Amino acid sequence: MSTRHFLDVDDLTRTELETVLDVASEYKAEYKDGLHHDDFDQRTLGMLFQKPSTRTRVSFETGMTQLGGHAVFLGESDIQLGRGEPLKDTSRALSRYVDVLMARVFKHANIEELARYADVPVINGLTDDAHPCQTLADLLTIREHRGELDDVTAAWVGDGNNVAQSFALGCALADVDLTVATPEGYGIDDDVVERAADLGGKPTVTTDPATAVEDADVVYTDVWISMGQEDERDVRMNDFEGFQVNEKLLTTGNDPIVMHCLPAHRGEEITGDVIESDSSVVWDQAENRLHAQKGLMVWLDQQNK
């Protein structure tokens, strides 16, 4: 049997997605009740980071601890990867030490190569093309606040980045009606739109934020300037004018909840008053990274037995 990995949301079927979210909800409820688990007793999660992160590291490490296991942080300078070792060699060696490998890397081809040579499940903690673990937390949050996912209308406003691309696939898989509003030239990739269409949920694409937000139950945004794009700041700030999620934009919606994967650049893609408002669910969203990833790890473990 080949090893099941999680490199993007559409690695799951709709039924599998629902199962992962159900398991995550159960773990969250039990965590709130003070219950503990030993699903990963005496087992180890390897965490490989080329890109730094607050939420990814802490949520995975804490999640593994809550499941009774242990996590090892591996920064690029901590291992031979930073000294020229091929990814396939790193993958094969780590497979002999850890039970699960999570990697946060730049190129999506790198996570694919890690998975190709790994004998243990590989989880995509983020690449330049995708952020599927964030999407699991997003869908869990929407389900908590808006009920059945196939009754939800969502709007993405801003850059068609890796978070947007995985969210588009997740919405298609969950039958969420999604509209994506980006400036010209900043949309999600054509192949992602096609993959979403193959899943039965091609997003509506526009360059008008007000059109996207109209009647939306969920409004989601992310930074306009991601890691590694700092030299594009002046151009991007000009190109994204009018795409800020603020009180004026939200008045055209359906009293939507507001989401942001964090960190937020307040005053740029979102205003501080919106992120602090009663409409904001960003802190539930951040917490749900922890529970969604526990659900994912346990589900992957069961699939690979």
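Note on His37 and Ala109: their simple-model spin labels are 3.7 nm apart, each label 7 Å out from Cα toward Cβ.
If you take the beta carbon distance between Glu76 and Lys248 as r and set R0 to 35 Å, what does 1/(1 + (r/R0)^6) give as a FRET efficiency, to the nearest 0.05? Efficiency at R0 = 35 Å is approximately 0.25. Given their separation in residues at 0.36 nm each and the Cα-Cα distance between them, Glu26 and Asp255 gain 79.6 nm when the chain is fully extended.
How big, on average over all directions, is the shadow cast by the Cα convex hull of segment 56-188, in nm²?
Orientation-averaged projected area of the Cα hull: 9.6 nm².
Pairs over the 28 Å Cα-Cα cut-off, from the set Lys28/Lys202; Lys32/Lys248; Lys88/Lys294; Lys88/Lys305; Lys28/Lys248; Lys28/Lys107: Lys28/Lys202; Lys32/Lys248; Lys28/Lys248; Lys28/Lys107. Here the extension length gained between Trp283 and Glu241 equals 12.5 nm, from 0.36 nm per residue of separation less the Cα-Cα distance.
Work out the P(r) tail for the chain: percent of alpha carbon pairs separated by more than 24 Å, whole number.
Percent of Cα pairs beyond 24 Å in the chain: 51.
Considering only Met237, Met64, Met102, the Gaussian network model of the chain with Cα springs below 10 Å gives its largest mean-square fluctuation to Met237. Cβ crowding within 10 Å, taken as a proxy for footprinting-reagent exposure, orders Thr44, Thr65 from fewest neighbours to most as Thr65, Thr44. Using 0.36 nm per residue and subtracting the Cα-Cα separation, the extra length available between Asp191 and Thr13 on full extension is 62.2 nm. Distance between the pseudo-spin-label points of Asp215 and Ser2 (7 Å out from Cα toward the beta carbon): 4.2 nm. Distance between the modelled labels on Glu144 and Asp119, one decimal in nanometres: 3.8 nm (7 Å Cα→Cβ projection). Its relative contact order, with pairs defined as Cα atoms under 8 Å and 6+ residues apart, puts segment 46-156 at 23 percent. Over the chain, Cα pairs under 8 Å with separation of 6+ residues give a relative contact order of 20 percent.
Here, each number is a calculation from the coordinates, and none is a lab measurement. Remember, it's a predicted structure, so these values are computed and weren't measured experimentally. Please note: Cβ atoms are built from the backbone with ideal geometry, for glycine as well, and neighbour counts cover all protein chains shown.
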